[in-house]
Structure formats: C-alpha cells, structure tokens
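Below is one structure, written out as structure tokens; comments come after it.
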Amino acid sequence: MQVEVSRRRFLQGSVALSVIGGTSLSVTNLLGGHESQDEKGETAVTTKTGTGEATEVATLCEMCVNKCAAIARVENGVVTKLNPNPLFPKSKNMLCPRGNAGIQALYDPDRLKYPMIRVGEKGEGKFKRVSWEEAYDAILNGTDKFPGMGKILEEEKDNRSSFLFCAGEGMAEHTFKTFYSAFGSSNWLNHASLCLQTVISGYGVTIGGYAAADLENAEYIIMAGANRAEAIVTPDTMDGFKRTKGRGAKLICIDPRFTNTAAKADKWLAINPGTDLAFVLALTYVVLTEELYDKAYVAENFNGFDEYSKSVIENKYTPEWAEKITGIKAKDIYKIAREFMAHAPKAVYYPGRRSTFSNNDFQLRRAMAIFQGLSGGIDTKGGLVFGKKLKLGKHEGLEPIYARAESRAIEKEKHPEKGHSGYSDCAVVSGGGSWIAWRNRFLEGHMPYKVRGMFIYKHNPMMNMPNREKTAEMMKKMELVVSIDTMPSDTVMYADVVLPECTYLERTDPVKTFGGAEPSIAQRNKVLDPMFETKPVIEIMKGLTEKISKPLFEITKKYDDDVKEELADLGEGEEKKTPEQKAVEIYAEFDLTKPFEHSQEEINRHMVESVYGEEAVKTLQEHGVFYPNMDKFFKPLSVNEHQYYPEKEKAYRVNGGKPKTPSGKIECNLPNMAKKGIDPMPIWKEEYNFSVPDGKFRMLTGRHAQFTQSGTANNAMLRDLIFENYAWINRRVAEEKGIKFGDELEISSRTGKTVIKAYPTEKVGPKTIFFVHGFGEESEALTWAYKNGGNDNAVIEDVTEPVYGAASMHETNVEIRKV
Amino acid sequence: MANYGMALDYKNCINCKACEVACKEENGVLLGADKHRIWVGANDVKGEWPLLDIASAAFLPSQCQHCEEAPCQEVCPTNATYYNEHGVVLVDAEKCILCSYCMNACPYDARYVDDRTMTVDKCTFCTDTRLARGETTTACQNTCPTKVRTFGDLDDYDSEISELLRTREHFSLKENLGTKPKLFYLT
Amino acid sequence: MAQTVEQVEETGVVAKVREFISTIPYNKIGIKDLINYEKTPLNNLLAVLIVAFLAMFVIGVASYLTHGHHAYNITREHPWGLLIAVYIFFVVSSTGLCIVGSLGDVFGFKDYELISKRAIFGSIVTILAGFAVIAFEIGHPVTMLIYNVLTPGLTSAIWWMGTLYGLYLTFMIIEFIFLLKHDMKKAKIFGLTGLLVGLAAHSNLGSVFGFLNARPISNGVYYPTYFILTAFITGIFIAYIMMGFRYKMNWPEPVKVMLTNLAKIQGLLISILIFFVSWKMLTDVYGGMPNRSEVAVHIFHSWTFWAEVILAMLIPLFIILKDMGRNINGMFWASLSGMVGIFFMRYNLVHDTQLKPLQMMKIREYQLSPEWIHYFPSSTEIMISLGGLGVCLLLYYIGSKFFNLDADEQH
Ligand SMILES: Nc1nc2c(c(=O)[nH]1)N[C@H]1C(S)=C(S)[C@@H](COP(=O)(O)OP(=O)(O)OC[C@H]3O[C@@H](n4cnc5c(=O)[nH]c(N)nc54)[C@H](O)[C@@H]3O)O[C@H]1N2
Ligand SMILES: Nc1nc2c(c(=O)[nH]1)N[C@H]1C(S)=C(S)[C@@H](COP(=O)(O)OP(=O)(O)OC[C@H]3O[C@@H](n4cnc5c(=O)[nH]c(N)nc54)[C@H](O)[C@@H]3O)O[C@H]1N2
Ligand code: SF4
Ligand code: SF4
Ligand code: SF4
Ligand code: SF4
Ligand code: SF4
Ligand SMILES: [Mo]
C-alpha cells in the first residue's frame, strides 16, 4: 500500500488556518508550458487499496442528504476505500462520486482541527487556537472581542430566545436540536425554507404527505423541475434511468435547461422558468375536459373536486393558453396529459425536491399533487407511495419551560385584517421558519425583542442564502456567533467561536429509520477515532452544557418568576424539602447536560434494543442496516441487483390507496388557506408573469452530480472533476455578444455581482443564465474552494414566496458583462 | 483461466462519474485531469435550443478495452505491456521504458502516464487490488448508481456477462481496427 | 616501462583490440589545438552558437532531471513531442549520410570517394546526437538497455528500430575506422552491412508510424519507403553543407564535379518526393477516409507543412533546375534551406500523426469538445533539441580536428 506524501504530511501535522492561500507558480510551470491545474498545491492524495490485512466498518455516507450505506475499508489506520453496502434498500448498492470522495473530506488538509476563537475583526478569518475548555469558556464569558452568553442572557433577562439556532440537514442535526430545545430558545431555522418547504407542505396539505415516487415501477414519469441524473436522490436516481429510452418507462423531462436528466429522457421540453403551474393547470384542463381521470377514484377520494374542476375549466386553462405562458406547445400538453392518464396509475408526476423556484411554488405543488390524484396513482405501485416507517425507541430530551423566553421572533402585522394570520413575513410559519424573512427582519430592526447570539450547526448560510451581502451583515451584527463545522467555510469565517466537529467517518450518529416501500433502519458507525482535537457534536454538546448549564441556571433563577416561585415553595409536612433539596430538584428540570449523559452508542442501543432486541443492535453495528427478516428477505439477484423484500412484503398500499390527509381525501379546495390570504385552489395569476427585460437574463441555479451545495467545494477529488463552475449562456447569444468559452463574465443584479467563466451552450435558452450552486467561496482558508468560480447567492435576490416565506430562487434578473 | 470482459448497459449511464472516482480511490490513481483510467464521454448536444436532439447527447462510458489483439501490446519494445493469464492487458512498470509508443498506438486513448513511477498505466480490471483479494467485481462496476457495468468471465457459459452477450445486442468500439475489444456495449 | 608490463599481461582478444586501436591514424593534438580555430566572423559565430547550444543542453537536461516529463509539453494525447522529431531528424540525417558515403566506398562510384569518410563520420556524429536527444525522451533509457535484451518485443517497430540502429552505429564506426586505416575492402564489407542495417532500421522507423492502426494519417506503407527517399535527400543536403564549410565555398574541380552530379541526383529525388507528397495529400484529402481526409486538410492549412514544402522541396528544386545543378554556391544555400525544411518535415510527421484525438468526446463538464490536439514544445524541449545540434556540431568539429576526413590522396 502506498501512502502519498501529502496525505502523510497531512496526517502528521496541521496547517495553520490563516496562512493558507496564495498561489505558487512552480518552476515546472515556467519551464513546461502545461497549463498546470494544480497551481494551488499538491493534490495527490489517493491511496491504493492493499491486499493485506484490513478492517471493514459499515457506515453511512454524509456527503449529502441521502445517507447511502457504505463500507469503509481501513488499512493501517487509513481509510483506503469506501464501498457501497448492498444491504440498504434506499441506496441499492451504490455510492455516487461524492460518496466515493468522502475519503477526501476526511483527509482534507484544510479541515478544522481544533477549537478557535476570533481575534481579528468579524469576517476577517483571524482566529486563535484554543483548548475546548477555553472555547466553552469564551462562549459563556466572552472575550474582549465579543460578549459571552452569560452577559447576553443577563442583559436580556433570561430571554432564551435572544439566541438563534440554525442547522443544515444532517444525521446529528437531531442532537443539536436537542440542545436547542433544552436551551429554551424559540428561534430555530433550518434549510427547509431554502430547499423543500413548499413541496413538502404543498403535498402535505393536499394528499397528506410528501410521498415517494415509485420510479422502479412507473411506466410514465413527468420530471419537471427536478434533475435526478445530477441532483442525486436515492433510490430515485438509481431506479429512474434503467428503463428510460424506450425500455419500459417513458420519461418526460420539463426543464428550462437541457440537463443530464433531459439527456436520459424520452422527451425533453424547455419550459419558461416559473411557469410550471400553467403547465400543470393545462394538463389538468385536458384531463378534466376529456374526462380522462380515474372517476371512481376521484369520486371516492376527492374533496372539492367540483369547485376545482369548475375553476380550471372556467378559467380556460387550455393548452393553447398555457403554450403562451410556458413556451411548451399545446399539442405536447395534450399528448402528455393523455399519455399520463393512459398509463395511470403507473404514472408519476414527480414531486421534486428543492422546490421554491418562483413565487407560485406552493400552488404549483398543490396542482401537481391534485393532478397525480386524478390518475388514482396515490399510495400505489408505480405511482406515489407513502410506504412504511419502522419504529424506533425513544431517547429522552429535555424541554424546560423558561418563563422569560419569548415566542418566536416573527413580525406581527401592525393591523392584521380579520381572518389573517397576522404575520407579515408569510402566511404560515413552519417549523424551519423563513430564513430570509428572519434575516432581513433582524437587519432592519423589526424584531419583537433583541436576538444577539447564534449557534450554527453544519450549515453554511453565507453560501446558501440569497443575497450574500445581507447575510454577511447579519453575521457581523450578531454579537456572539458559534459555529460547529468541519471546514473553515465562509460562515465559519464570521464566527466568534469555532467548534470543530469530526467528520462523519469519525463518529457514530443517531440511528435512523428510513421509510418507503422497502423500509429499513440504518446506523452510521464510527470508522476511525476523531483526528486532531475534533469531536462529534454530541460530545461537543456534552462539554458545552457542562460548562454553561449551572451558570445559566443562575440567571434563570434571577429573572424567571416561575422558577423563583417554585424554589420558594418548599412544600408542606411530609413533602417539605430544604431549600437545597428543592434547588436540586428544580435544577434537574433545567440541567442541560442531561440529554448528553449517554454516548451515542448507548443511545442507539437503547433505541433499537427496546423495539427489536439485542440481535438488531448487533446487526446494525456489524452491517449498518437492519429490518425485520432481513436475513430471509435480502438476496442478491445478480452482481448488480438485490432483493430487499419479496414483492408481496413491499409496503405499497399501506393506506389502501387513499391519501393521508386528516379528512382522508385529496384536498382541492382549502378555504382555511383563504383566511390567511392564500388562494384556496391553485390558479394562475397575472402577477406570476415574470418578465425579463431586453439585455437581461433570468438567473437559474441548481445541482451538479459531482458537488453537494457548498459542502464539497474543497474536496480534492471532486474538484479534480470540475475546477470551477461556469455560467451557461445560450450559444447564439454569446456569439452575438462576442463571448467565447472561458471568457470571464461579471454577473450582476440589484443584490451584487460575481465573476465567472462563460460556457456558451445550446442547453440553455436565450433569456436564461445558469450556474451550478456552491462555488466561489470567499474563505481563504479553503485552499481549493477559494474563489473557484461564481457565487450564485451573491447575485440572487432575496425574494420569498408568500405562503411559507421560502426563498424564491429564480426570480432574479441579471446583467452580464465581459470582463 | 478466466477470460475477463465487461458489458456496459450504456444507456443507463447518467454521467455521474462515480466510476471514475471509485477507480481512483481503489487503485490509487493520481489526481489530475489527464490521469484517469476510466471516463465518460459526452458530445455537445446537436440542434438549437429548444429543439435539441436528445440522442446526440448520449453518454459513453469507457476505459481500456482489454483488446484481444491489443495494439499497445504489439508495439511495446520491452514487453512491458502483456496479457495476463486472464486475458487482462497489463503494464509491468519494471519494464516500461516510457517510450509512449503504446499511448500512440492505443486507438481508445486508454493510457496515461503515472507521475510517480513515470511509466504508463491504465485500467487493470482491478487485477492488483480487488481481484487480488478475491473479489469478483471491479470498483467501477460496484459503485455505479444505475448499474451500467457487468464484469465477468467471457469463457464461462454460465456467467452473467456471457448470458448478457447471448441475449442482448451489443457492439464494440472501433471494431474495424481488428483489436477485438472486450468491452461490449449493450443496445 | 609500464606499458610493456601491461602488454605482457594482456592476452588474446584484448591485446588484439588494443593493438588494432593503436593503429588507427589520428592527429595528435592537445586541448590547445582543439580550441584553436581560424577566427573568421562566421567561425566565431559558430563557436558561440555551439557553446550556447551546449549550455542549453545542460540547462535543458537539468530541468528534465528535476522535473521529468513535466518539463515537456507532451500530454497524454500528444505523448511524442519535439525530441522525437529531432531524434528522427538526426537519424534520418545519419542514414542519408550513410547512403551518400556508401556511393563511393561501397558502390565504388569513384567521384564520390572524396566525401565517403566525411559522410560516414557525419553519419556517426548525427546518430550520436540523435541518441543524445532521445535519451531524454525515453523515460527510462537504462531499463530499455536491459529489457530490450531480456524481454525483446519482437512485434514492436521501436524494438527493431532501436536494435538495428544500435547495430548500425557499430558498423558505421567500424567502417569509419577501416576508412581511416585505408582498408577499403573491409570498409566496403562493413559499409555495405551498415548500410543495409541502417536502411532496415530506417524503414523500421518509418514503420513505427506505419504500424499505427489507430492513426489513419500515418498508417500504411508510405512512411517506411518515404523515409528512405527523404534520407537520401537529407544526406545530399548535408553533403553540400559539409563540403561548403570544408572548402569555404572555393570548390576544387573534383568537388565541383561530384557536387554537380549530386545536385542532379538531388533534383531527381526531390521531384520524386514532390510526386510522393502530392499523391499522399491527394489520396488523403480526396480519399474521403474518415480520420484521414480531415487531418490531411488540416495539415494542408498549417504553415509548417508549407515550410516543409517550400524550404525542403521547392527552393532546392528551383535552384537545381535553374542551372542544371551547376550553381554550387546556390546549392549550398539551398541545402541550408533544405535542412530547415527537413526539420519541419520531421516535426510535421510526428505532430501530424497525433493531430487527431483518439477520443473525440468531452470527458469533463466544462471543456470544449476535443478538436485538434495542440502542441508547442516547451523551452526545455527546445533547449535539449538545440543542445542535440550543439553536440552534433561539436563532435563534428572535434572529429575534423582529430581525423583526416578528406579523401586520401592516393590509393
Ligand atoms: N443559490 C442557491 N442557494 C441554495 C441552493 C441552490 O440550489 N442555489 N440550494 C438550497 C438547498 S436545496 C439547500 S438543502 C441548502 C443547503 O445549505 P446548507 O445546509 O448550508 O448545506 P451545505 O452547503 O452542504 O453546507 C453544509 C455545511 O456543513 C458543513 N459540514 C459538512 N459535514 C459536516 C459535519 O459532519 N458536521 C458539521 N458540523 N458540519 C459539517 C460543511 O462544511 C458546510 O459548511 O442550500 C440552499 N441554497
Ligand atoms: N449531486 C447532488 N445531489 C444532490 C444535492 C447536491 O448538492 N448534489 N443536493 C440534494 C438536495 S439538498 C436537494 S434539495 C436536491 C435538489 O434536487 P433538484 O431539485 O432535483 O435539483 P436542482 O438542480 O436544485 O433543480 C432542479 C432543476 O430545476 C430546473 N428548473 C429551474 N427552474 C425551473 C422551472 O421553473 N421549471 C422547471 N420545470 N424546472 C426548473 C433547473 O434547471 C434544475 O435542472 O438534490 C439533492 N441531491
Ligand atoms: S447520494 Fe452520494 S453523497 Fe449522497 S449519501 Fe449517497 S453516496 Fe453519499
Ligand atoms: S458510475 Fe455508472 S452512471 Fe455514473 S458515470 Fe459511471 S457508468 Fe455512468
Ligand atoms: S484499449 Fe488500448 S490500452 Fe487497452 S488493450 Fe486495447 S490497445 Fe491496449
Ligand atoms: S511506454 Fe512502456 S508500456 Fe508503453 S510501449 Fe513503451 S515500454 Fe511498453
Ligand atoms: S476495472 Fe478497475 S481499474 Fe479498470 S476502470 Fe474499473 S475500477 Fe478502474
Ligand atoms: Mo436541499
């Protein structure tokens, strides 16, 4: 086994955070004329697997949201390979490029290695290495650069909500959320309002759940606004492309861009961005007027069908009408509507994932869900599937009630109209909140009370929220920022205290149950001990709470009248307690360390053992995956295919083919919504027409198969596949403007600007610009990600849709200029 | 002795490049745009937006074809390139003098120079890693999300690959050159 | 004293070889004589150039030794670069000189005997220069020496080419020694063998390209034959240049006669070459064979192709035809032009073979579709190449000091 120099060097020591960056031009470059792609340093970091002794650990990938099952091969203490684990029905024996490149995340020389506290100006990225104890102390007591938690809570009189907690998606997000609950703030924000809020909610209120699409059995698939060949979602990506191209499943791709999904589709139709709602309404119109829908199903399972039908027909949402809006030919719309229903119920209008493309998105998802319902393809094989989820035992958290904690910082309408929810941000406030609305309100000073500190877990809002400038301002204004991350991200640069978590390969995470037609439970097992001084978040929380729990309780005791009262009430007679006893008793309710007493391994054991017994615990430790009867059901069918459940054991019609709404019906009409100012039924409105002035372009953003949002930009292996993102611009437009491949463009909007290279292509229309999200970080501590291309959120404007305040990512016009 | 080959259900390929990354991690292939044993080719899509020719955008995964009549082997002056007992075309780094003749002779552009040994390298069918450990799949096959690849023994009538080649139409690349490739593209 | 002791100890072959070597006539000169040359401006310039080239050689080699092939602009798609072209340039020169040299002492054309020794020496010098260059292109020359013998690749044109050139060099040296010793019979035997081996080696070099099935532009019988033809042409060009320097353009009568004859031969050869090239281009372009015709069209549009045609073919032919080969001064200059043209011919051969990518698809997200493979030598490659020229000139200069390269007065 060969271990490369750079990896060895990395394993030996650390690279000082502030000194990284800068490009060295080697003599080789001067002498040889090669355009050296490795100007930024040596990246030879692969390690050949050996034939000798090796241990294999079953774990789960965390390079993106999917959590595919992996088996790590460890040789001489080095992870040499990550292989797919065939046992997991969700990932079906595959690891995508990012999953394979997880090794590089583990051995990334730029990793955060020890706790740090800020010594320079905010955002400057100057930190001092400290011990964990010092870091915790700085969080509690502050330094000369920033105030501590104690001071803030003291000044805010124990208003726990003066701290914001935010997290990106992750298996240990739950652990962090436990801390948030125990801490007692009501300000929680997560990625939902930047990601999938509208689709989850749209399907939720309409059919009772964000169901999975059974692409394995569907015969007809409309995939609109989802790019499964590049935005990988399991098992859809694996199932979706094995039968397309005339091999049993017809795939219609609707996307303004010609994506890899389009390349794999049987038909691709370019749609004007943001007009999918008109497209679906027209499909619905055809199905209604030609009475192609499943009448029996509709009769039995629909609420408000007649109203909706009337609305669609009377509004004349004809394909001809839609053609003008969407740019899709009427005859194609007729054809698709008819074909879809002909294949029903083995037909899927794919729900999508990242959803808020435009302001009408919630209504779009509702219209999609209803359209799906019309086919009867709900809770059925080949259609949408609710599936089953395997139960897990409970792990106790702690949810003390702080009298002084204010409710969520949401702006109330000054003079709410009757029937209106009374919030100005948006109509409905979801669990994850509206990130943009929250941030903007914070900046504009429209907060009901002061929020002064924030905890960030596995989240990079600096990169991932539209209008980067405003996020930076927010981060600067926030007096105490604590970030728990693995990499010196752009967000970390704005932190006051940086707590380095170990990577996913160095920790056991909360055991998780994965629903679907083939449900299972999976567990991430630790592959290596954490390197450097990093720790899993659960241990970070343990250490932190041990430090802050008592001092914070002292503050509570001072300001919280309920607590004061309770402490004073020593009881009567037999029950009477000493003040000390009472103090201990009350403190127990506020003891933040309690949820973190047990190790993750113990917690997992408990959660599994209590339901499935000791064997299941062992199976999860050894194989990473468990479901009842796995030993009997699981069978390799060929080298590439496996059976997880026999056909009859699959959870196809768990709800008898019915929707899962409280009423048990598909909800076409939601009068309650109207009370909040939301259209009760999906309709098209004049205001949805988005115009792109001459000379400008509508900005689109999205995924690439080799990158995960902002999180993988510094991954040496992936970067090797794409050095930087490029702006897709229509080839003919580029020609007119004299723009050639690789020319630098400045893309600007009202929000800001970014510089990116041009990629003239026919894959995008003349009025749109696209670039892959996640590039162009500005943290100099990221050797390879630093300014590697254009940063979309520097230009995307902070528009939110009205229902959940989710980010409408594609409502921005930009200008381009050759630089 | 086995006679290894690979069948590719190439219409499944989504150009994700998991195979390329898996190959690099498994076999310790150097990073660098030109240092790869396996690749997926794509053409610029034909037509003008929005009327594009989907078929012109097919993805073609490829790697060393392990030719039965390998030009790279024929031209090698020191026999550094050789067939092993399983018909796999390999390079013995000890003997390679880096004359680069094979790189010019391989019609599939399957070879590159490994900067550590400064010798020519290429796909080995994971002979010295996975196969050496007794595993039966290659890294690229194993990881592929859409299961494009099937690796196996062409001489074994009962192997999956033999079955596939018997039952499905297939073609090989640059067949006219007479190299007798052992990568088969299923149609 | 000591010598006699050794002589006593040495027996058999060794002694014979020693004795043989000691009988080779050479000028006993010292370092002083070596650096002593006639200080004409041209000679000064040449001296400076040689020193400069040698310095470049040292720098180039140092750069290669520290950075390996990274110091070159060769890539996966274009693995053969300038050094291969320069190597070919030298070995073709060598073969050409060998042919010219053989006219007199192998084939017995009396007129040409007066250049035999010089040409044979030139052929040794040029092939050594070629080897000096290729040693830094082949990644592992030492490995080559070992495994060429241990595990010979008998199907490899490179193996045959390399091995035959090795043999050829040996024969040339032996022939040269016999020429020096004025043993014309033995010189003839070794000369003939050397010539045959050289021609074999040389057409094998052509076949290195000819065998490339993957490269329709080079594939086939064309290069192996064309190489012999162009070698002869090259030999004649160099003969002119060597004689021009030897006689400082004051041509003695026999030299004049010989050179006029050579010019006539050259005229014929160049005409044939033009005929060759025309048909090659015509069939390539209009043959419509994929991967060949478009490459040929591309070549047709490249300036290097026209440099080759004009400098190596049209200018010399024009000069020859104008005065039926009698304008010897003109021919001298035309030969210089010719050699530059021949250099382009070699460069084009190597580059054009690799022009067309073998893999025409994009393999990275953001790249242009592969069209033509671009290559321009790096400074290291250029320095080593010029260094090769420096080595060649230096060896020739030293040789001309040590040995009498003129024809011996009487037989
Ligand atoms: N313009 C634009 N904006 C977008 C999107 C878009 O397409 N375009 N997409 C949106 C969507 S769908 C989403 S989901 C969001 C995603 O936004 P985020 O939730 O911010 O996700 P990532 O960009 O992956 O950043 C994750 C951060 O977590 C860190 N990290 C990775 N692993 C670990 C770990 O194990 N522990 C800890 N503590 N930290 C870790 C990474 O270093 C990185 O800083 O972005 C949204 N924003
Ligand atoms: N490789 C990879 N896979 C991932 C991720 C990743 O970062 N990398 N991230 C994961 C996460 S968090 C998410 S949320 C999902 C996202 O998964 P997706 O939502 O499928 O992916 P996106 O690329 O964000 O957007 C989908 C497509 O919508 C198109 N589009 C834009 N506007 C419109 C429109 O108005 N109408 C229509 N019909 N199409 C439009 C875009 O061109 C893009 O191709 O991917 C997940 N999987
Ligand atoms: S899809 Fe890829 S990155 Fe995401 S979890 Fe699976 S293997 Fe990891
Ligand atoms: S892993 Fe499979 S789908 Fe992905 S690029 Fe390779 S062959 Fe294609
Ligand atoms: S594909 Fe190329 S490298 Fe592989 S065996 Fe054939 S000729 Fe040799
Ligand atoms: S480069 Fe190596 S493997 Fe290739 S032909 Fe030359 S010696 Fe053989
Ligand atoms: S078979 Fe092995 S060596 Fe060859 S491309 Fe696949 S992973 Fe790489
Ligand atoms: Mo997302």
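Obtain the nm distance between the two label points defined at residue C:43 and residue A:694 by a simple spin-label model: each point lies 7 Å from its Cα along the Cα-to-C-beta direction.
Here the answer is 7.8 nm between the modelled labels.
Enumerate the aspartates and glutamates that residue A:737 could reach by cross-link, defined here as Cα to Cα under 17 Å, with residues fewer than 8 away along the same chain left out.
A:694, A:746, A:762, A:815
Within 10 Å of each Cβ of B:126-133, how many other protein chain Cβ atoms are there on average?
3
Could you give the nm distance between label points at residue A:649 and residue C:398, where each point is 7 Å from its Cα heading toward the beta carbon?
In this crude spin-label approximation the distance works out to 8.3 nm.
Sorting check: for A:737-747, A:685-695, A:377-387, which peptide has the highest mean count of neighbouring beta carbons within 10 Å, and how do the rest follow?
Taking the mean over residues of other Cβ atoms within 10 Å, the ranking is A:377-387, A:737-747, A:685-695.
Heavy atoms of the protein only, probe of 1.4 Å, neighbouring chains included. What is the accessible area of residue A:647 in Å², nearest 10?
Looks like 90 Å² after rounding.
Could you give the length gained by full extension between residue C:28 and residue C:13, i.e. 0.36 nm per residue of separation minus their alpha carbon distance, to one decimal place?
Answer, rounded to one decimal: 2.8 nm.
If packing is taken as the average number of other Cβ atoms within 10 Å across a peptide's residues, how do C:205-211, B:58-64 rank, most packed first?
Averaged packing, sorted descending, gives the order C:205-211, B:58-64.
Which far-off residues, 5 or more places away or on another chain, put their amide H under 5 Å from the one on residue A:454, with H placed in the peptide plane?
A:164, A:480, A:481, A:482
Collect residues whose amide H, placed 1.01 Å from N in the peptide plane, falls under 5 Å from the amide H of residue A:378; neighbours closer than 5 in sequence don't count.
A:384
Add -39500 (n - 2.57) for each DSSP H run of 4 or more in chain C, then divide by its residues: what number comes out at 222 nm, to the nearest 500 deg cm²/dmol?
-23500 deg cm²/dmol
Taking the DSSP beta bridges in the protein assembly as shown as the whole, what percent of them are antiparallel, to the nearest 5?
So the antiparallel bridges in the protein assembly as shown amount to around 60 percent.
What's the extension gain from residue A:51 to residue A:296 if we count 0.36 nm per residue and subtract their Cα-Cα distance?
Extending this stretch completely gives an extra 82.0 nm.
So what is the 222 nm mean residue ellipticity for chain A from helices alone, if each DSSP H run of at least 4 adds -39500 (n - 2.57) and you divide by all residues, rounding to the nearest 500 deg cm²/dmol?
-8500 deg cm²/dmol
If you plug each phi of the range B:94-105 into the Karplus form 6.51 cos²θ - 1.76 cosθ + 1.60 with θ = phi - 60°, what whole-Hz ³J(HN,Hα) values come out, in order, with x for Gly and Pro?
For the range B:94-105, the Karplus curve yields 4, 9, 6, 9, 6, 7, 6, 4, 4, 5, 6, 8 Hz.
Restricting to Cα pairs below 8 Å that are 6+ residues apart, what does the relative contact order work out to for chain A? Please round to a whole percent.
This gives 19 percent for chain A.
Only Lys, Arg, Asp and Glu count, each charged at its Cβ (+1, +1, -1, -1), so figure out the dipole size of the range C:304-411 about its Cα centre, rounded to 20 debye.
It works out to roughly 280 debye.
Apply 1/(1 + (r/R0)^6) to the Cβ-Cβ distance of residue C:249 and residue C:323, taking R0 = 22 Å, and write down the FRET efficiency to the nearest 0.05.
Values: r = 16 Å, r/R0 = 0.72.
My answer for the efficiency is 0.90.
Within 10 Å of each Cβ of A:255-266, how many other protein chain Cβ atoms are there on average?
4
With both partners inside chain A, how many of the DSSP beta bridges are antiparallel, as a percent to the nearest 5?
Numbers: 44 of 88 bridges.
That works out to approximately 50 percent antiparallel.
Please state the shape class of the range C:163-305: rounded when a/c is under 1.5, otherwise prolate if a/b exceeds b/c and oblate if not, all from the C-alpha gyration tensor.
oblate
Simple spin-label model, 7 Å along Cα-to-Cβ: residue C:20 to residue C:55 in nm?
Reported label-point gap for residue C:20 and residue C:55 is 4.2 nm.
Under unit Cβ charges (Lys, Arg +1; Asp, Glu -1), what dipole magnitude, rounded to 20 debye, does chain B have relative to its Cα centre?
Taking the Cα centre of chain B as origin, the dipole is about 320 debye.
How would B:180, C:280 line up by accessible area, probe 1.4 Å, largest first? Mind dumping the intermediate values first?
Values: B:180 105, C:280 30 Å².
Putting B:180, C:280 in descending order of accessible area: B:180, C:280.
Residues in the range A:174-215 near a label at residue A:660, defined as backbone nitrogen under 14 Å from the 7 Å Cα→Cβ point?
Correct set: A:200-214.
For chain B, what does -39500 (n - 2.57) per DSSP helix run (n ≥ 4), summed and divided by total residues, give at 222 nm, in deg cm²/dmol to the nearest 500?
Value at 222 nm, helices only: -4000 deg cm²/dmol.
Taking each residue of B:50-56 in turn, how many C-beta atoms of other protein chains fall within 10 Å of its C-beta, and what is the average?
5
In whole Hz, what ³J(HN,Hα) sequence does the range A:550-559 give by Karplus (6.51, -1.76, 1.60; θ = phi - 60°), x for Gly and Pro?
Result, ordered by residue: 5, x, 5, 5, 4, 5, 4, 4, 6, 10 Hz.
In a GNM of chain C with a 10 Å cut-off on Cα contacts, which of C:334, C:132, C:52 has the highest mean-square fluctuation?
Of C:334, C:132, C:52, the most mobile in the Gaussian network model is C:52.
With contacts defined as alpha carbon pairs under 8 Å and 6 or more residues apart, what's the relative contact order of chain C in percent?
28
Could you work out the local net charge near residue A:68, counting Lys and Arg as +1, Asp and Glu as -1, over the other residues with Cβ closer than 10 Å to its Cβ?
Local charge sum for residue A:68: +3.
May I ask you to compute the full-extension gain from residue A:177 to residue A:314, defined as 0.36 nm times their residue separation minus their alpha-carbon distance, rounded to one decimal in nm?
Numbers: separation 137, 0.36 × 137 = 49.32 nm, distance 4.79 nm.
Gain on stretching residue A:177 to residue A:314: 44.5 nm.
Per residue, what accessible area does the range A:208-322 have, given a 1.4 Å probe and all protein chains present, in Å²? Don't skip to the end; give the middle numbers.
Values: 3290 Å² over 115 residues.
That works out to 29 Å² per residue.
Can you list the residues, at least 5 places off or on another chain, whose amide H is less than 5 Å from the amide H of residue A:253, using H built in the peptide plane?
Residues meeting the criterion, in which the H sits 1.01 Å from N, are A:223, A:266, A:267, A:268, A:269.
In whole Hz, what ³J(HN,Hα) sequence does the range A:151-162 give by Karplus (6.51, -1.76, 1.60; θ = phi - 60°), x for Gly and Pro?
4, 4, 5, 4, 5, 8, 6, 6, 7, 4, 6, 6
Below 14 Å Cα-Cα, how many Lys pairs turn up in the range A:82-227? Only count pairs eight or more apart in sequence, or on different chains, if you could.
Pairs that pass both the separation and distance tests number 4.
With the cut-off at 1.5 for a/c, could you classify chain A from its C-alpha gyration tensor as rounded, prolate or oblate?
rounded
Hey, which lysines would be in cross-link range of residue C:362, C-alpha to C-alpha under 20 Å, not counting anything within fewer than 8 residues on its own chain?
A:264, A:740, A:757, A:763, B:11, B:17, B:24, B:35, B:46, B:122, B:174
Sorting check: for A:707-714, A:299-306, C:266-273, A:156-163, which peptide has the highest mean count of neighbouring beta carbons within 10 Å, and how do the rest follow?
My ranking of the peptides, most packed first, is A:707-714, A:156-163, C:266-273, A:299-306.
When N is the residue count of the protein assembly as shown, what does its C-alpha Rg come to as a fraction of 2.2 N^0.38 Å? Numbers along the way, then the final one.
Values: Rg = 38.6 Å, N = 1417, 2.2 N^0.38 = 34.7 Å.
My calculation over the Cα atoms of the protein assembly as shown gives 1.11.
Select from the range A:54-85 all residues whose loss of accessible area on going from the chain by itself to the full protein assembly reaches 40 Å² or more (probe 1.4 Å).
Residues passing the criterion (a loss of at least 40 Å², heavy atoms only) are A:81.
Just want the answer: with Cβ charges of +1 for Lys and Arg and -1 for Asp and Glu, which residue in C:149, C:120, C:78 is farthest toward the dipole's positive end in the range C:56-402?
C:120
The values are calculated or read from the model by the stated rules, or taken from the named source; none is laboratory data. Remember, predicted model here, so these are calculated numbers, not experimental data. Reconstructed Cβ throughout: ideal geometry from the backbone, glycine too, with neighbour counts over all protein chains shown. These accessible areas exclude ligands, DNA and RNA; they are computed on the full protein's heavy atoms, side chains included. Shrake-Rupley method; radii C 1.70, N 1.55, O 1.52, S 1.80 Å.
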